[in-house]
1. Rank by packing, highest mean first: peptides 253-260, 290-297, 175-182, with packing defined as the count of other Cβ atoms within 10 Å averaged across residues.
2. Taking the Cβ of each residue in Tyr30, Tyr344 as the centre, tally the other Cβ atoms inside 10 Å and list the residues starting with the fewest.
3. What is the packing order of peptides 215-222, 95-102, taking the mean over residues of other C-beta atoms within 10 Å and listing the highest first?
4. How do Ile299, Ile113 rank when sorted from fewest to most other Cβ atoms within 10 Å of their own Cβ?
5. FRET efficiency for Ala151 and Trp187, Cβ-Cβ distance as r, R0 = 25 Å, nearest 0.05?
6. Evaluate E = 1/(1 + (r/R0)^6) for Thr25 and Asp220, where r is the Cβ-Cβ distance and R0 equals 45 Å; express this FRET efficiency to the nearest 0.05.
7. Can you put Leu149, Leu380 in order, fewest other beta carbons within 10 Å first?
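Quick note: the coordinates plus some simple rules give every number you see, no bench work behind them. These numbers were taken from a predicted model, which means no experiment stands behind them. Heads up, the Cβs are rebuilt from the backbone with ideal geometry, glycines too, and the neighbour counts pull from every protein chain shown.
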Amino acid sequence: MSSRIEPIAPAPTSQGSVFLTRGVTATWWYTLTAVIFIQVMLIGAWAGIVAATDFSGAVVLVIAVGGLIWCASTLLLLFDYRHRIDAGPGVPWKRLIIPFVIAVAFGAVAGSITGSWQLAVMPLAQSVVLLNWPRGVRFRVVVAATLLLVALAFLDSTTHSLGAGVPSWLPGAYAALLPGMTVSSLWFWDVMVTLDRARASESRLAATQERLRVATDVHDLQGHHLQVIALQLELAERLLPRDPDAGMEQLRAARVSVDEARQGTRDLATRYRSVPLSDELANARDLLRAAGLEVEAVIDADAAGAPASALGPVIRETTTNVLRHGGGRRARLVLTRTPDAWSYEIVNDVVPGADVGSDGSGGSGLDGVRRRIEEAHGTLDVRTAADEFAVAVTVPTTVEEHG
């Protein structure tokens with residue numbers, strides 16, 4: 001009988017680098033779309049305000065078309081902002097001169113033909129808000145831009161430059177909301193990237209701590225035995241010229257210590273390898289999920305009784321193989337038991353052209369898995385299709401008695 005684990009959706013904040021990009025990329029497109037939508041709505045509102053006054057249709061067309069061109073130019077600022085955490089603070093003026101020239105040109109034309117100070121300054125102020133400011137500086141820039149636009153909106157309302165039919169509070173409301181809404185979208189993107197990097201750092205730290213723990217145990221074990229062996233050999237060296245029997249006794253004791261050190265190392269390695277198979281599967285599932293894959297696992301209810309010594313390395317190696325060579329979006333883990341054997345299968349989709357080995361082995365790692373499975377009198381089957389890669393392993397249940 002099998003227990004089914006429901007598919008696990010990919011984490012929404014996967015790392016934006018090579019490691020964990022999918023979730024962060026989706027968040028980025030959401031952020032970019034939100035900012036552009038806010039700007040397009042603002043241009044639409046201004047076109048409506050201008051249309052409600054005595055201005056001609058040509059003026060409305062200039063506001064609408066020029067505004068859309070300005071919105072498109074801010075994509076350069078947004079794409080530059082995407083890498084702000086990697087690049088650090090600072091403004092690459094040479095690379096960003098084009099969107100600022102467009103912002104100034106659109107503001108000058110739109111402001112002059114409508115007589116609105118707010119419309120003249122708004123494109124430039126919005127472009128400044130989108131720059132890669134340090135965290136504290138960015139807050140002050142947003143506050144300054146908001147106050148400036150509100151003040152200009154008040155100035156426009158006192159001069160009635162947009163006509164009496166337009167409510168005086170409408171431009172001011174848009175001015176007050178624009179910088180804040182823009183920065184809130186960018187802040188959401190920053191939070192997602194920061195959380196994703198923290199998760200990746202936590203994974204690296206956990207691996208480092210595990211390696212340190214193993215190194216400490218090996219050092220303590222070998223250091224003790226080597227110190228004892230060194231003393232025994234030194235004593236044998238002193239005794240052999242005067243008392244050969246006593247010296248030989250120390251040599252025999254040193255040989256026993258060598259055997260004890262070897263056995264202790266073997267026991268230590270066995271202790272680290274003897275992870276329950278259910279934990280191995282859970283670790284594999286979590287690792288694939290952290291990499292942004294949608295994972296489905298079907299695990300036999302008696303998985304704790306499966307031969308961990310034979311299947312554990314298979315699970316680790318095939319999981320690594322998926323991360324290294326697959327590049328897809330989905331993975332499926334299946335562990336089942338028949339009356340005579342245990343079967344484990346991992347299937348993942350692959351990006352067309354992904355390197356899974358010239359023979360479909362996915363690299364030299366599976367060669368070691370094949371040898372281990374053959375030693376356990378089992379079978380390993382590797383299947384490669386245009387968009388799918390599968391590794392299936394079967395080991396007899398009699399392995400449990402020796403595993």
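1. Values: 253-260: 15.2, 290-297: 21.1, 175-182: 19.2.
Packing order, densest peptide first, comes out as 290-297, 175-182, 253-260.
2. Details: Tyr30 15, Tyr344 26.
Ordered from fewest to most neighbouring Cβ atoms within 10 Å, Tyr30, Tyr344 come out as Tyr30, Tyr344.
3. Working: 215-222: 12.8, 95-102: 15.1.
Highest-to-lowest ranking by the protection proxy: 95-102, 215-222.
4. Details: Ile299 21, Ile113 17.
Going from least to most buried by this count: Ile113, Ile299.
5. Working: r = 25 Å, r/R0 = 0.98.
Rounded to the nearest 0.05, the efficiency is 0.50.
6. Details: r = 45 Å, r/R0 = 1.01.
It comes to 0.50.
7. Details: Leu149 25, Leu380 21.
Listing Leu149, Leu380 from fewest to most nearby Cβ atoms yields Leu380, Leu149.
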